[in-house]
Amino acid sequence: MRLPVFEIEDDLKAAAGPGGRVLLKAPTGSGKSTAVPGMLLEAGIEGRVLVIEPRRMAARMLAGWVARQRGGGVGGEVGYAVRFDARYGRDTRVIYLTDGVFQRWLQDDPELKGVSAVVFDEFHERRVAVDVALGRCLDLQETLRPDLRVIVMSATLETRGLSEFLEPVTILEAGGRTYPVDIRYKASPAASGRRGGPARETPVWERVAAACRDAITDPECGDVLCFLPGAHEIRRTLSQIENSTWSGGWSVLPLYSGLPPAAQEAAVAPGKGRKIIVSTNVAETSLTIEGVRTVIDAGLARIASFDPRRGIGTLMIEKISRAAADQRAGRAGRTAPGRCIRLWSEAEHARRAAFETPEVHRVDLAEVSLLLKSAGVEDVGGFRWLEAPQAEGLARADALLHDLGAVDENGALTEEGRAMAGLPLEPRFARLMLAGVEEGCVAEMAFVSAAVQGESIWAGRGDGMRDFVADDDFTDFQAEWRGFESAVAMGFDPKRVSQIGVHGRAARELSRGFERLEKLALRRGWPFEAVDFEGRKDAVGRAMLAGFSDQLGVRAGSATLACRLVGKRKAKLDDRSAARNASAFVATEITEVEGRDVTVHLRRGTAVELEWLRDLFPDDLHDTDGAAWDEVRRCVVARKELRFRDLVLASKDSDHEVNLDAAAELLAARVLSGELVLKKWDASVDQWCARLASLSKWMPELELPGWGDEDRQAAVAQICHGAVRYKEIKEAPVWPVLKDWLSAPQRAALDAFAPERIKLANGRDAKITYASDGEPSIGLMVRDLFGVWETPTVANGHVPLVVQVQAPNRRPWQVTKDLKSFWASGYTQMRKDLAGRYPKHPWPEDPKAGS
């Protein structure tokens, strides 16, 4: 069957000449991922065609499929390159590669020699590596490589902003080979709690399994593709289905990025038997899975994000966008009419976001920033972004790179930074491996890097870790290494390793990562000896400190696991950690966990010695003399502190030589917060403050000093100056400071234009009430206002007073800034309403008659 994308073949070949830019919008099933590279070859392109994919699995499988279609094997005309795995040769013309690998290609060969076209597939996923690579390719095309072709392909992206970014660009659109998909919504009610307790949410794996059970009763069901957020939920779903009575005759297969390639291919390969495929979002795009006619969508995905203010990475289960849901539903209509069962309501669907948030707004930008700087981009914020990252994220990235020694205080790349950029690792792990070289513990740092970047090897809740812990351990990676060695000795056999609390698949993945880093070390000539944490204790600790100095922590007290970290962060250390009794430690895993409350947990800790900081980070360690508030004694004490950046490592308090200026500021802050009270700061003082603040706004020409929050703080600090204890300021006089705040002419102006009392036209005196953020007012009974026919004013006639016209019981009857109007109409109504109730009060029919 001819793929729909061939409808635009001639237009694509015409547009993809030397220096051409093409934006191709084509839905899922159009064949763009597999056919476009071949079209480019047939158009006479001489060099290589690079196809950038967001996922390793898609890159490998597409390469295999296209190679077979073109009559060859992978590594011949068509190949792939993913992290730590590549199959291509000198004569390979089409290479499918992940965005991360392509970033490294650009670092190693900024001119892309021998490459004639770069095709960005599935651009709608908006990976930050793809955004950066596209910007760099456009810059390259406009400078050194005017012959380079750039093709951007997307299924669901709104193309307006992208087309403007790519100008001049040819926009093409192809149809899709899809069949109608019947969308059904099936929101699940909450399950009842045990013994009449509160309702609980039904686990997602139970909901998916139940929907699957109902779906396979339909004779037109076809194969079933279930979408879940992650590997844990997939395993629970597989168990639920496989242990059921209704799944006989069905092959139940997992599909996610962490699986070995053979297992991934088994899930997507066409077969004779009926299949239920349980997948993460890796099956949303790029690959057609033949035979799928039913999709069951939990509507969830694990989304990686980063909080730049606290430096915490999060991996939360979130609701997918409407665009992603449409992509998933489309998998059911690739080969025949299908159906999609969404496990949420139609009303909720309408409230979901239209598209996913681009990665540039939610992930750590340190690696991107490092690679751009190493490519000569001094101003990362000014780079050619499709959507510029937030300044806060860039600042956090620069701060981390500075902490790692990759950039100097001005943000310029250091020699250490250049070395880090040359490694195919994230900046932190690049620094960790280089620290391993410096300290003589490369193998240990390779294991730590592989372990931290992978899934924990501990099964379930990690209780198996306890069996591998020794009393004198200084790092949690010692227990992890022992557990890993046991798994290796058992050949990673799932049944055997589960008996010792180890997850076999995770341990095998750790083994692969460890081996890759070993090969990297050996290629660079680094010494790689047998792992020996105990024998290289200090070397390991120093290297870990070099790589995780921004995650240095100290316990808040000996009786608690609460900790303080660099960056003014607070968290809780794992109670099983080998670092729980250390004076200081670094945590390699900082995670936010959602529960009743959001808790920040520290895991995989390593004890460190504070004396190492003076050697490794001499510019970040400071001895400070300051002052602090003693809550118990309610006084200010002198405090000497040892700080690493903003983290207090040690402090000592004393009653001697207290800095009186600092003491005044601390006392003033507590007075202003309401914690301490100045008894002589009464209502008359508040009125003076309001008068000054108001007159400063009303008549700026008087050039009076302001009375904002900073002025108030300064005045209170002046009142407190010379004291260190609350009892010394409790009865402190206030007026001497306030009177000295103004000069004699200024005091006269305040009394003249914002007086405390005003003489009315009828000769009476009235007290004025001022408000810093409101209007001045007076309040008088109506009889006391006879003869005051116009609204009185202050500030040289500029500001009318708000007049509370009070009934004989002193309660306001009318509030007005227009007394003339009150006498014209309001008084008559007031007399009508109140004269009978208050007969002794004078109520002349015409109050002006006798005046």
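The values are calculated or read from the model by the stated rules, or taken from the named source; none is laboratory data. No experiment lies behind these values; they were computed from the predicted model shown. Heads up, the Cβs are rebuilt from the backbone with ideal geometry, glycines too, and the neighbour counts pull from every protein chain shown.
For Arg396, only one of the following conditions fails: (1) under 19 Å from Arg126 (Cβ atoms); (2) at pLDDT below 95; (3) surrounded by 19 or more Cβ atoms within 10 Å (Cβ to Cβ). What is its number?
Unmet condition: (1).
Specify the residue that is surrounded by the fewest Cβ atoms within 10 Å (Cβ to Cβ); the eligible residues are those in segment 463-480 that are out of contact with any strand residue (DSSP E or B) (no Cβ under 6 Å at 6 or more places or on another chain), hydrophobic (A, V, I, L, M, F, W, C) and touching a residue at least 12 places away in the same chain (Cβ under 8 Å). Reasoning before the result, please.
The first filter runs over segment 463-480 and keeps only residues out of contact with any strand residue (DSSP E or B) (no Cβ under 6 Å at 6 or more places or on another chain), leaving 463, 466-473, 477-480.
This time we only want the ones that are hydrophobic (A, V, I, L, M, F, W, C), so: 468-470, 477, 479.
Narrowing the set further to residues that are touching a residue at least 12 places away in the same chain (Cβ under 8 Å) leaves 468-469, 477, 479.
On the way: Phe468: 21, Val469: 16, Phe477: 25, Ala479: 23.
By that ranking, first place goes to Val469.
Being in a helix (DSSP H, G or I), in the same structural domain as Ala578 (by TED's automatic domain parsing) and either in contact (Cβ under 8 Å) with a residue 24 or more places away in the chain or crowded, with 20+ Cβ neighbours inside 10 Å (or both): is that true of Gly460 here?
On the way: in a helix (DSSP H, G or I): no; in the same structural domain as Ala578 (by TED's automatic domain parsing): yes; either in contact (Cβ under 8 Å) with a residue 24 or more places away in the chain or crowded, with 20+ Cβ neighbours inside 10 Å (or both): yes.
Against the criterion (in a helix (DSSP H, G or I), in the same structural domain as Ala578 (by TED's automatic domain parsing) and either in contact (Cβ under 8 Å) with a residue 24 or more places away in the chain or crowded, with 20+ Cβ neighbours inside 10 Å (or both)), Gly460 does not qualify.
Got at least one residue in segment 190-198 being modelled with pLDDT of 90 or more and in the same structural domain as Glu242 (by TED's automatic domain parsing)? Before you say what the answer is, go through the steps one by one.
Initially, segment 190-198 is screened for residues modelled with pLDDT of 90 or more, giving none.
Looking for residues that are modelled with pLDDT of 90 or more and in the same structural domain as Glu242 (by TED's automatic domain parsing), one finds none in segment 190-198, hence no.
Among Ala430, Ala395, Ala451, Ala435, which is the only one that is in contact with a strand residue (DSSP E or B) (Cβ under 8 Å, 6 or more places away or on another chain) and not assigned by TED's automatic domain parsing to the domain that holds Gly100?
Details: Ala430 fails: in contact with a strand residue (DSSP E or B) (Cβ under 8 Å, 6 or more places away or on another chain); Ala395 fails: in contact with a strand residue (DSSP E or B) (Cβ under 8 Å, 6 or more places away or on another chain); Ala435 fails: in contact with a strand residue (DSSP E or B) (Cβ under 8 Å, 6 or more places away or on another chain).
So the residue among Ala430, Ala395, Ala451, Ala435 that is in contact with a strand residue (DSSP E or B) (Cβ under 8 Å, 6 or more places away or on another chain) and not assigned by TED's automatic domain parsing to the domain that holds Gly100 is Ala451.
Can you find a residue in segment 82-91 that is over 26 Å from Glu284 (Cα atoms) and either buried (at least 19 other Cβ atoms within 10 Å of the Cβ) or not assigned by TED's automatic domain parsing to the domain that holds Leu40 (or both)? Lay out the reasoning, then the answer.
Residues of segment 82-91 over 26 Å from Glu284 (Cα atoms): 88-91.
Remaining after also requiring either buried (at least 19 other Cβ atoms within 10 Å of the Cβ) or not assigned by TED's automatic domain parsing to the domain that holds Leu40 (or both): 88.
Checking segment 82-91: at least one residue is over 26 Å from Glu284 (Cα atoms) and either buried (at least 19 other Cβ atoms within 10 Å of the Cβ) or not assigned by TED's automatic domain parsing to the domain that holds Leu40 (or both).
Go through segment 315-336 and report how many residues are under 18 Å from Asp223 (Cβ atoms), of a type in the set (Gly, Ala, Ser) and at pLDDT 90 or above.
Counting residues in segment 315-336 that are under 18 Å from Asp223 (Cβ atoms), of a type in the set (Gly, Ala, Ser) and at pLDDT 90 or above gives 2.
List the pairs whose first member sits in segment 428-448 and is within 15 Å of Asp403 (Cα to Cα), whose second member is hydroxyl-bearing (Ser, Thr, Tyr), and whose Cβ atoms are under 6 Å apart, counting only residues at least 6 apart or on separate chains?
Hits for this filter: Phe429/Ser449; Leu432/Ser449.
Somewhere in segment 40-48, is a residue at pLDDT 95 or above and closer than 15 Å to Ile171 by Cα?
no
If you scan segment 781-801, which residues turn out to be over 20 Å from Ser684 (Cα atoms) and among the aliphatic types (A, V, I, L, M)? Walk me through how you get there before you give the answer.
Narrowing segment 781-801 to residues over 20 Å from Ser684 (Cα atoms): 781-793, 796-800.
Answer for segment 781-801, where residues must be over 20 Å from Ser684 (Cα atoms) and among the aliphatic types (A, V, I, L, M): Met781, Val782, Leu785, Val788, Val799.
Quick one: in segment 358-383, which of the residues that are in a loop (DSSP other than H, G, I, E, B) and touching a residue at least 60 places away in the same chain (Cβ under 8 Å) is nearest to the chain's Cα centre (by Cα)?
Initial filter on segment 358-383 (in a loop (DSSP other than H, G, I, E, B)): 358, 362-365, 375-379, 383.
The next check asks that each one be touching a residue at least 60 places away in the same chain (Cβ under 8 Å); those that pass are 358, 363, 365, 375, 383.
Working: Pro358: 12, Val363: 6, Leu365: 11, Ala375: 26, Phe383: 21 Å.
Looking at the filtered set, the residue picked out is Val363.
With (1) surrounded by fewer than 21 Cβ atoms within 10 Å (Cβ to Cβ); (2) outside any helix (DSSP H, G or I) as the list, and Pro389 as the residue in question, which single condition is left unmet?
So Pro389 meets the others, but not (1).
Just the residues that are in contact (Cβ under 8 Å) with a residue 60 or more places away in the chain and exposed (fewer than 12 other Cβ atoms within 10 Å of the Cβ), please, taken from segment 797-846.
Answer for segment 797-846, where residues must be in contact (Cβ under 8 Å) with a residue 60 or more places away in the chain and exposed (fewer than 12 other Cβ atoms within 10 Å of the Cβ): just His798.
Yes or no: segment 668-686 includes at least one residue that is of a type in the set (Phe, Trp, Tyr) and either free of Cβ contacts under 8 Å to residues at least 12 places away in the same chain or touching a strand residue (DSSP E or B) at 6+ places or on another chain (Cβ under 8 Å) (or both).
Initial filter on segment 668-686 (of a type in the set (Phe, Trp, Tyr)): 681.
Filter once more, keeping what is either free of Cβ contacts under 8 Å to residues at least 12 places away in the same chain or touching a strand residue (DSSP E or B) at 6+ places or on another chain (Cβ under 8 Å) (or both): none.
Taking every residue of segment 668-686 in turn, none turns out to be of a type in the set (Phe, Trp, Tyr) and either free of Cβ contacts under 8 Å to residues at least 12 places away in the same chain or touching a strand residue (DSSP E or B) at 6+ places or on another chain (Cβ under 8 Å) (or both).
How many residues are buried (at least 19 other Cβ atoms within 10 Å of the Cβ), under 36 Å from the mean Cα position of the chain (by Cα) and of a type outside the set (Phe, Trp, Tyr) if we restrict to segment 628-644?
Going through segment 628-644 one residue at a time, the tally reaches 1.
Quick one: in segment 523-552, of everything that is in contact with a Ser or Thr (Cβ under 9 Å, 6 or more places away or on another chain) and in a loop (DSSP other than H, G, I, E, B), which residue is surrounded by the most Cβ atoms within 10 Å (Cβ to Cβ)? Give the derivation first.
Keep residues of segment 523-552 that are in contact with a Ser or Thr (Cβ under 9 Å, 6 or more places away or on another chain), which gives 533, 537, 540-541, 544-545, 547-548, 551.
Next, only the ones that are in a loop (DSSP other than H, G, I, E, B) stay: 533, 548.
Values: Phe533: 24, Phe548: 29.
Here the answer is Phe548.
Return a yes/no flag: does segment 300-314 have any residue that is of a type outside the set (Lys, Arg), modelled with pLDDT of 90 or more, at negative phi and crowded, with 19+ Cβ neighbours inside 10 Å. Spell out how you get there, then give the answer.
Step one: list which residues in segment 300-314 are of a type outside the set (Lys, Arg), which gives 300-301, 303-308, 311-314.
Next, only the ones that are modelled with pLDDT of 90 or more stay: 300-301.
Pick out the ones that are also at negative phi and you get 300-301.
Checking the rest, the ones that are also crowded, with 19+ Cβ neighbours inside 10 Å come to 300-301.
Yes, segment 300-314 contains at least one residue that is of a type outside the set (Lys, Arg), modelled with pLDDT of 90 or more, at negative phi and crowded, with 19+ Cβ neighbours inside 10 Å.
In segment 1-51, what count of residues is obtained for those that are out of contact with any Lys or Arg (no Cβ under 9 Å at 6 or more places or on another chain), of a type in the set (A, V, I, L, M) and within 27 Å of Val82 (Cβ to Cβ)?
Adding up the residues that qualify gives 6.
So that you can scan it fast, the table gives a plain yes or no per residue for (1) under 29 Å from Val502 (Cβ atoms); (2) outside any helix (DSSP H, G or I); (3) within 24 Å of the chain's Cα centre (by Cα):
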residue	(1), (2), (3)
Glu409	no, yes, no
Gly417	no, no, no
Leu425	yes, yes, yes
Ala435	yes, no, no
Met445	yes, no, no
Ala451	yes, no, yes
Arg466	yes, no, no
Ala470	yes, yes, no
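Please specify each residue of segment 527-568 satisfying the condition of being within 25 Å of the chain's Cα centre (by Cα), closer than 20 Å to Pro427 by Cβ and of a type in the set (Gly, Ala, Ser).
Ala546, Gly547, Ser549, Gly567, listed by residue number.
Suppose we keep only residues that are outside any helix (DSSP H, G or I) and touching a Leu at 6+ places or on another chain (Cβ under 7 Å) within segment 154-169. Which one would you say is modelled with the highest pLDDT? Even if it seems obvious, please write down each step before you answer.
Of all residues in segment 154-169, those outside any helix (DSSP H, G or I) come to 154-159, 167-169.
Then drop every residue that is not touching a Leu at 6+ places or on another chain (Cβ under 7 Å), which leaves 159, 169.
Details: Thr159: 56, Val169: 95.
Per the stated criteria, the residue is Val169.
If I filter segment 230-265 down to residues being aromatic (Phe, Trp, Tyr) and over 31 Å from the mean Cα position of the chain (by Cα), which single residue comes out as farthest from Val82 (Cα to Cα)?
Applying the first criterion (aromatic (Phe, Trp, Tyr)) to segment 230-265 yields 246, 250, 256.
So of that shortlist, the ones also over 31 Å from the mean Cα position of the chain (by Cα) come out as 246, 250.
On the way: Trp246: 39, Trp250: 32 Å.
Taking the candidates together, the pick is Trp246.
Residues that are out of contact with any Lys or Arg (no Cβ under 6 Å at 6 or more places or on another chain) and either outside the structural domain of Leu738 (by TED's automatic domain parsing) or among the aromatic types (Phe, Trp, Tyr) (or both): list the helices (runs of 4 or more DSSP H) wholly contained in segment 631-723 that include at least 1 such residues. I'd like the intermediate steps shown before the answer.
Working: elements: 660-673, 683-698, 709-720.
Fully inside segment 631-723 and qualifying: 683-698.
Taking only segment 454-470 into account, find how many residues are modelled with pLDDT under 85 and in contact with a helix residue (DSSP H, G or I) (Cβ under 7 Å, 6 or more places away or on another chain).
Here the count works out to 2.
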